[in-house]
Each structure stands twice: as structure tokens, then as C-alpha cells.
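Chemist: I have a structure here, written as C-alpha cells, and I will follow up with some questions on it.
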Amino acid sequence: MSKIKRYAALLILAAAVVGCSNDSSSDGSGGEAEQELTYASTSDVVGLSPIDTNDSVSAAMIGQIYETLFTRDPETMEIETLLAESYENPDERTWEIKLKEDITFHDGTPFNAEAVKYTFEEFVDEDRAAPRASLLAPIESIEAVDEYTVEITTEEPYGALLAALAHTNAAIVSPEADQNQDINEDPVGTGPFKFENWSQGEEVTLSKNEDYWQEPAELENVTMKVVPEYSTAVSMLETGEVQFIDAVPTEHLSRVENIDGIEVDKKDGTPVYSLGFNFDKEPYNELEFRQAVSYAIDREAYVSQLNGLGIENESIIGPEVFGYGEDAADAGYSFDPEKAQEIIKENGYGDEEITLLTANREAYTRMAEVVQSQLSEVGLNVSIESMEWGTFLDTTPTGEFDMTFTSWSNSTADGSEHLYPNLHSDNIDSSNWVRYNNEEFDQLVDESRSEVEQGVREEKLQEANMIAVEDAAWIPMHHGVVSAAYDESIKGLELDPTGQWYLYNVSRE
């Protein structure tokens, strides 16, 4: 038992002996709320290395342990410095970044230019095969000019670099730790919380970094508890066993909103949930088939069932993401079951067996069940194959599916870093699960990344987005409304439109 918990137990025992006190607090215990927080997740982390992971569950914990050079203000979505002190562009291809000084990693080794250089070189190393290597793919070289100055040179101008450097996966790791241990299981960063333990399938525990370069966090301990059933997580929130859950599913929203002492936060977000096709297989690589599928899906009815936790929009780039254009909102293939049946009959699509691959998470399962039902109604033979989250993440990049579901939180909130990893041909066999390959689209996305002028970038992204929408490269099921529910004793929790959250400024009263 930790010192904090032993101390709390003694306080409770003392209260029982001396009777009720006149003091009160928001936790109802007669004393100050304990500075501990337990968060429930329906999935375990895949790992705890920013270089070697690419999923939202892992990112939630990684974001508490590690830090990036830059960050986004959750209200304005503007890029701000974090581990970086400042930056300048001597020319369009060069980024000179001054680092904050006197910061150490949790293992006591120094954060400096060599650590940044090491991290980014590992990140783009083909042998390392980082899942989000595309974030830094345009980088040509990284040099440590002096102890606290890094110079990054890109092959071409890269307008989205700061957004990429603000991404959780671009967080800076301790070189010594990475060389001497598996940081996927024993992570070492500069963040406000230090790693304590990972009991796989059960929980991840963190403790306050007393030597943090800013003021130490208020929370002493953080636990991510793996609770596979969301209904169980809600029950634990209700009883106080956990104090925080996020990504509240539609079917649990009403129950959560009616729990006494629980706050619910909702915000229009950057995530998008989509149905994707395997472009390496017939008939999924045929536009007529993808159109038929899109015409068969009543997304308006589906979104109406989300009780305000989803936004209907046919654009792949969402309204909260840089590069969105309103013309794309209805540029796809809207619900028209008769047209779907006509295409299916003309092309003989009704005979093949179609498998929908999905992860065993409630949002994915709901999408799969809706799509299976509606495709069956227009004459397609569809079954569902469900996989555990980690297995699903391993399977989809290999192209071992017919159709599958994707979700993208878009942590950069930048359209280039949405379209490039997910639909650019460079990333087939990695993050481009659907294996989409369109030269005109690729060129526009490349131009959006190599252009520094933001207005030009926006135009290129809108053009590329329209191509992908009209090509039905993805069929957006809905754009996300990010959500969290937490005990009223929790103060300072701020939900980012990307769905991310950080516990540094959080306390309990």
C-alpha cells in the first residue's frame, strides 16, 4: 500500500473514533480529497513508447509521461512552445529550434539537442519502423548545433512541421533509456508524471515527478485501470472506484449524465470514424461498388442515434480540422437504397461474401452492426469479424480484410497530417490501411505539405479532400464529439478537440 493510501486509511480510522467533524469537503469524506486519480479505459495500452505506438489508448498515458517540443492550445488550437523555447526559419527548408535548458529526463539524464536528434532519427529509421514515421518523413537532416539548439532541414518546405512536432508520437525520449531498456514497457520522459508499473491487461500506474521542470503536478498518483466493459466502467464511476472516463458511448450517455456528482464535458472534435475498403481486392477497388455501399448507408439515421455525440458530414477532413471546405460536406454519396440496389444488380455484386473487420470496441461494434444490417437490406451478403484492439491494429495494416472501420483522432488538427498517413500511397503497408493509391490525390497532398503559405496549403487540402470524397476512399460514418465524464472533485481537466487530455493542471478538491 502506498504512503498516501496508508495515510488516508489512518484518517478514516481516526474519524471513526472521534466521531463526526464539522469540516466538510467535496468528496464527502470529512477531509480533503486525496490527490489521486483513477481513469478507466476499455482497452489496455499497446505500449508506452511514443516512437513505437500509434493508438489513442497508449497516447493517453504517453502524454502524461513524455513531452513534445511544441503543443496546441486546447481552446485556440494555436501552436505553442513546450520543451522548445523558440524557433525561427532562416529559409523555407530550415527550422532552428532553441530548447529550454536545465530539464532532465526521469532517469536523471539531460534533455538537450542530442536527445532531440536521437529521438527524431530513431523515429524515421526504417529499421525501427515507427508506425507514425510519416509525421517526420519530410526531414532531410537533424543537427545538434549546440547543447540547446537543434537545426532541422527538410527535403522541401514542410508547412505542417510544427503541427507534426506537437503530436504525441513526436515526444522526446531518453536516449540512454531507449538504448538500455524497452521503453515500450519501461518508459522514460520529461513529463509531469513518472512511470511506475504496467500490469498488462489490468492497469498502468504513474506517480508525480517531484523534479519536474515546471511546478510539480497536484496529483500524487494516476492509475489507468483496464475495464473491458464500458457499463462496468460507468458503475465504477458511480461508486467512486474510478473518477474519470472518456469517449462516452451513446448508449451510456444518459446514465452518466444522471449520476449525482459527475460532470460531463462534450466538445466538437477532430476525430472521424469511417468505413474503409481494401483497394487491393475486387470489387472493393471498383468505384461503383463503393458508391453502392455508400448509397446503402443511412448515416443521418445512424448519427441521430448518437445523442449529440456525432456530426454527420460527408467530408473526410472534418469541420474542426485545417483544410476543411464546406463544399465537401455533401459531396459524397448520400443515402439512396434504390440506387444502391440498381448498382448492385447491374454489376452482379450480390453473390460474394463480404467480411466487415472490426475492433471489439463499442463504437466500432455499433458501426459494424448498422452497416451489416443496411448492406444486407440492399442485397449484399455481409458478416462481421471482431478482434481484440491490439490484434486489430496488427491486422489492418497487412491488408487482411475486405472492409474495415477506421478512426482517426487527428491529434495535429492539420489536414495534411490526416490525408497523408491515412490515404497517401507512401503509407501503404503502414497507416494507409485501405491501401488507397491515387496519383493526383498524392500530388495535392504532397503540395499541401511542402508549401509554407497557409492559404495555399488550405486550397491544396480542399482539392485533395474532394478527390478522396468523390472516390469514396473512406465513407465517413460520423465526425466525433469528444467527451469525458468525471467526479466533481476533479478540477482543471480540459478536453482538447482532438480528444486528448493532460493531467498536469488537474487537482481534486
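Chemist: Given points 7 Å out from each Cα along the Cα-Cβ axis, report the Thr104 to Glu121 separation in nanometres with one decimal.
Modeler: 2.5 nm
Chemist: Can you pull the semi-axes for the stretch 182-223, root of five times each eigenvalue of the Cα gyration tensor, sorted largest first, whole Å? Can you show the working numbers first?
Modeler: Details: eigenvalues 80, 32, 5 Å².
So the three semi-axes of the stretch 182-223 are 20, 13, 5 Å.
Chemist: Provide the packing ranking of 373-381, 63-71, i.e. peptides ordered by the mean count of other C-beta atoms within 10 Å per residue, highest first.
Modeler: On the way: 373-381: 17.7, 63-71: 24.9.
Highest to lowest by the protection proxy: 63-71, 373-381.
Chemist: Kirkwood Rh, Cα Rg: Rg to Rh for the stretch 48-89? Write down the numbers at each step before the final one.
Modeler: Values: Rg = 12.1 Å, Rh = 11.7 Å.
Expressed as Rg/Rh, it is 1.04.
Chemist: Right, something else. Which order do the peptides 216-225, 463-472, 342-351 come out in when sorted by mean C-beta neighbours inside 10 angstrom, highest first?
Modeler: Details: 216-225: 20.0, 463-472: 21.7, 342-351: 14.8.
So the order, starting with the most tightly packed, is 463-472, 216-225, 342-351.
Chemist: Please report, for the Cα atoms of the chain, the Rg to one decimal and the Dmax as a whole number; what are they, in angstrom?
Modeler: Over the chain's Cα set, Rg and Dmax evaluate to 23.8, 83 Å.
Chemist: Let's test the formula: R0 of 25 Å, r as the Cβ-Cβ distance of Val264 and Ser373. What FRET efficiency results, to the nearest 0.05? Show your work: numbers first, answer last.
Modeler: Details: r = 29 Å, r/R0 = 1.18.
According to the calculation, E is roughly 0.25.
Chemist: Now for a separate question. Provide the packing ranking of 353-365, 99-111, i.e. peptides ordered by the mean count of other C-beta atoms within 10 Å per residue, highest first. Could the numbers behind the result be given before it?
Modeler: Values: 353-365: 19.3, 99-111: 16.7.
Most protected by this proxy first, the peptides run 353-365, 99-111.
Chemist: What is the Cα convex hull volume of the stretch 319-449 when expressed per residue in Å³?
Modeler: Values: hull volume 17.9 nm³, N = 131.
About 136 Å³ per residue, rounded to a whole number.
Chemist: Same structure again: Suppose R0 equals 22 Å; then what is the FRET efficiency for Ala129 and Asp182 from their Cβ-Cβ distance, rounded to the nearest 0.05?
Modeler: Values: r = 15 Å, r/R0 = 0.70.
FRET efficiency, Ala129 to Asp182: 0.90.
Chemist: Hey, could you get me the Stokes-Einstein D for the stretch 266-345, Kirkwood radius over alpha-carbon pairs, 4 °C and 1.567 mPa s, rounded to whole µm² s⁻¹?
Modeler: Numbers: Rh = 14.0 Å.
My calculation gives 93 µm²/s for D.
Chemist: Roughly speaking, what % of Cα-Cα pairs in the stretch 62-180 are separated by over 17 Å, rounded to a whole number? Let's see the in-between values first.
Modeler: On the way: 3786 of 7021 pairs.
Result for the distance tail: 54 percent.
Chemist: Would you please state the base-10 log of I(q)/I(0) at q = 0.12, 0.15, 0.19, 0.21 1/Å for the stretch 81-150, with intensities from the Debye formula using one equal scatterer on every alpha carbon?
Modeler: Each listed q maps to, in turn, -0.35, -0.54, -0.85, -0.99.
Chemist: List the relative contact order of the chain as a percent without decimals, with contacts defined as Cα pairs under 8 Å and 6+ residues apart.
Modeler: Working: 1079 pairs, mean separation 99.5, N = 509.
20 percent.
Chemist: At 25 °C and a viscosity of 0.890 mPa s, what translational diffusion coefficient does Stokes-Einstein give for the stretch 181-324, taking Rh as the Kirkwood radius over Cα pairs? Give it in µm²/s as a whole number. Intermediate values should be presented prior to the final figure.
Modeler: Working: Rh = 19.5 Å.
Answer, rounded: 126 µm²/s.
Bear in mind that the values in this text are calculations on the coordinates, not laboratory data. Just so you know, these numbers come straight off a predicted model, no measurement behind them. A quick note on method: Cβ atoms are made from the backbone with ideal geometry, for glycine too, and the neighbour counts reach across all protein chains shown.
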